[in-house]
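Notes follow the structure.
Coordinate-derived values only; no laboratory data. Computed from a prediction, not measured in an experiment: that's the story for all the values here. Cβ: placed from backbone, ideal geometry, glycine included. Neighbour counts: every protein chain shown.
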Amino acid sequence: MIKVTIFNEFVHEKKEESVKKVYPEGIHIALKNALQSDDITVRTATTETIKEDLSAEVLADTDVLIWWGHMAHESVPDEVATAVMREVQKGMGAIFLHSAHHSKPFKLLMGTPCNLTWREDGDSELVWVCNPSHPIAEGIGRFIHLEHEETYGEPFSIPEPDELVFIGSFSGGEVMRAGCCYKRGNGKIFYFQPGHETFPTFKDEKIIKVIKNAVYWAKPTYRAELICPQVKKPLEDL
Ligand code: ZN
């Protein structure tokens, strides 16, 4: 069983009718319902419950953490962001969706500003598979067509991805590194660009397939603090 924890700040859905209409129970519940299966169990956490629901115990018991945040990044306690970074370094997988590019834990893990160019005009997007043999692209075909998505574009100030799986192209002309893989310590990280709150992106079958593939890819294969001891004696006498 893979243990997934989904953090969604859960602010837009309560404040804005246009978002409530798309995700009446919140993005976290929509994702939970879509991902839960015979081999994936899902817990959720939101801004209001973050201290309990993303406690050190919960993070230690999480195989893959999924993060959606936008307007409340600053309300995430620094100690939670640091704890997420440390768990990833030990081996926990992490998937950052859409505007989570500016979340505290993602920026800590990347070490760069993670800024990008953006425009909100309801453009359509083609999410192109540029790495068809990658496990996260399995079953996707050549591309995913999204009728409307917020336009995100380059430059995107992230470190060079270890592996690039998707490139997004928008009807207005922008392009964006849309699916980026990283390794930090023992942990695997996937950033995936689609998922604006006013569009039903997380109801798209292929988008859910990508997130599910990323859960299987990011689950820990080895999890432990990296310990580098001072050794008193050589293995063999010199
Ligand atoms: Zn957005």
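Of all residues in segment 108-122, which are under 17 Å from residue 177 (Cβ atoms) and within 16 Å of the ligand (Cβ to nearest atom)? Selection gives 114, 115, 116, 117, 118, 119.
Determine if segment 207-228 includes at least one residue that is more than 28 Å from residue 59 (Cα to Cα) and surrounded by fewer than 22 Cβ atoms within 10 Å (Cβ to Cβ). Looking through segment 207-228, none of the residues is more than 28 Å from residue 59 (Cα to Cα) and surrounded by fewer than 22 Cβ atoms within 10 Å (Cβ to Cβ). Residues in segment 155-181 that are acidic (Asp, Glu) and over 13 Å from residue 214 (Cβ atoms) were compared, and the one that is farthest from the chain's Cα centre (by Cα) is 174. Of the residues screened, residue 81 is one that is buried (at least 18 other Cβ atoms within 10 Å of the Cβ) and either within 15 Å of the ligand (Cβ to nearest atom) or closer than 28 Å to residue 50 by Cα (or both).
A residue that is of a type outside the set (Gly, Ala, Ser), without any contact (Cβ under 8 Å) to a residue 40 or more places away in the chain, within 19 Å of residue 219 (Cα to Cα) and surrounded by fewer than 20 Cβ atoms within 10 Å (Cβ to Cβ) occurs nowhere in segment 107-120.
Just checking: which of the strands (runs of 3 or more DSSP E) contained wholly in segment 123-217 hold 3 or more residues that are in contact (Cβ under 8 Å) with a residue 40 or more places away in the chain, under 24 Å from residue 71 (Cβ atoms) and more than 16 Å from the ligand (Cβ to nearest atom)? Steps first, please.
Working: elements: 125-129, 143-146, 151-153, 163-170, 175-184, 187-192.
Because the criterion is at least 3 residues that are in contact (Cβ under 8 Å) with a residue 40 or more places away in the chain, under 24 Å from residue 71 (Cβ atoms) and more than 16 Å from the ligand (Cβ to nearest atom), no strands (runs of 3 or more DSSP E) in segment 123-217 meet it.
Going through (1) in a loop (DSSP other than H, G, I, E, B); (2) touching a residue at least 12 places away in the same chain (Cβ under 8 Å); (3) over 17 Å from the mean Cα position of the chain (by Cα) one by one, residue 70 falls short only on (3).
Of the residues screened, residue 59 is not one that is in a helix (DSSP H, G or I), within 16 Å of the ligand (Cβ to nearest atom) and hydrophobic (A, V, I, L, M, F, W, C). The set of residues in segment 86-107 that are within 13 Å of the ligand (Cβ to nearest atom) and assigned to a helix (DSSP H, G or I) comprises 98, 99, 100, 101, 102.
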